[in-house]
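S.K.: Before anything else, here's the structure in question.
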Amino acid sequence: MSNKMSFENIQIDNFLINENDPNIISQDGDPLWFFFIQKKRFFDLQVLLNNNVNVSIRNKNNDSWALACIENDVPEYIFMEGLIKDDSNWFKSNMSGKSPFFNEKLNSQYAEIIGRKYWGDLGSWKELKNENGLDPVAFFKKKGNIEISNRLKYWKSISMRG
């Protein structure tokens, strides 16, 4: 990876031509993809995704691509494109204990995407528990979000790993 730098004034096309490293880390310890998500620079994010950015590189809080997208309301097509490129830890909690599967900002489209991804990865739903011992289905049911609970319940029900 290149040296750490500030991202505020990056023009993505020129940056990639000159630096040729989409996986650079900021002075604050955040990858460029995370910065673009936070700043809602979705076109620049698409350019990074098309230039082999490694979305498995986490920020200083260990936020995954999935969590950052959910937290920042990234368009679903960008979310899916990056999620495909992420590693097997995409659903794990960050250092603050936040997880894509237990995030109250999760909407039904994102729930469909992460449910399908976890199912496709053959993840064990028995292992998805929060600090209170709830699985995502029970978590959203308890929160009164039946739509999200039902969407995740579907993916859990067809899982080969319970």
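The values are calculated or read from the model by the stated rules, or taken from the named source; none is laboratory data. Remember, it's a predicted structure, so these values are computed and weren't measured experimentally. Cβ sites come from the backbone with ideal geometry, for glycine too, and all protein chains shown count toward neighbours. Each accessible area value is taken on the protein alone, full model and side chains, heavy atoms only, with ligands, DNA and RNA left out. Shrake-Rupley method; radii C 1.70, N 1.55, O 1.52, S 1.80 Å.
S.K.: Of the residues 70, 10, 17, only one is touching a residue at least 40 places away in the same chain (Cβ under 8 Å) and aliphatic (A, V, I, L, M); which?
M.R.: Working: 10 fails: touching a residue at least 40 places away in the same chain (Cβ under 8 Å); 17 fails: touching a residue at least 40 places away in the same chain (Cβ under 8 Å).
Selected residue: 70, the only one of 70, 10, 17 that is touching a residue at least 40 places away in the same chain (Cβ under 8 Å) and aliphatic (A, V, I, L, M).
S.K.: Let me ask something else about it. Here's a check for you: in region 139-151, which residue that is over 21 Å from residue 94 (Cα atoms) and among the hydrophobic types (A, V, I, L, M, F, W, C) is most open to solvent (accessible area, probe 1.4 Å)?
M.R.: 146
S.K.: Residues that are hydrophobic (A, V, I, L, M, F, W, C) and within 30 Å of residue 13 (Cα to Cα): list the helices (runs of 4 or more DSSP H) wholly contained in region 46-162 that include at least 1 such residues.
M.R.: Values: elements: 65-71, 76-85, 108-120, 136-142, 146-157.
Because the criterion is at least 1 residues that are hydrophobic (A, V, I, L, M, F, W, C) and within 30 Å of residue 13 (Cα to Cα), the helices (runs of 4 or more DSSP H) in region 46-162 that meet it are 65-71, 76-85, 108-120.
S.K.: Can you name the number of the only condition in (1) within 26 Å of residue 144 (Cβ to Cβ); (2) of a type in the set (A, V, I, L, M); (3) surrounded by fewer than 21 Cβ atoms within 10 Å (Cβ to Cβ) that residue 80 fails?
M.R.: Single failed check for residue 80: (1).
S.K.: Give the number of residues within region 35-77 that are open to solvent by 60 Å² or more (accessible area, probe 1.4 Å) and hydrophobic (A, V, I, L, M, F, W, C).
M.R.: Number of matching residues: 1.
S.K.: For region 109-125, indicate whether the set of residues that are buried (at least 19 other Cβ atoms within 10 Å of the Cβ) and acidic (Asp, Glu) is non-empty.
M.R.: Within region 109-125, not a single residue is buried (at least 19 other Cβ atoms within 10 Å of the Cβ) and acidic (Asp, Glu).
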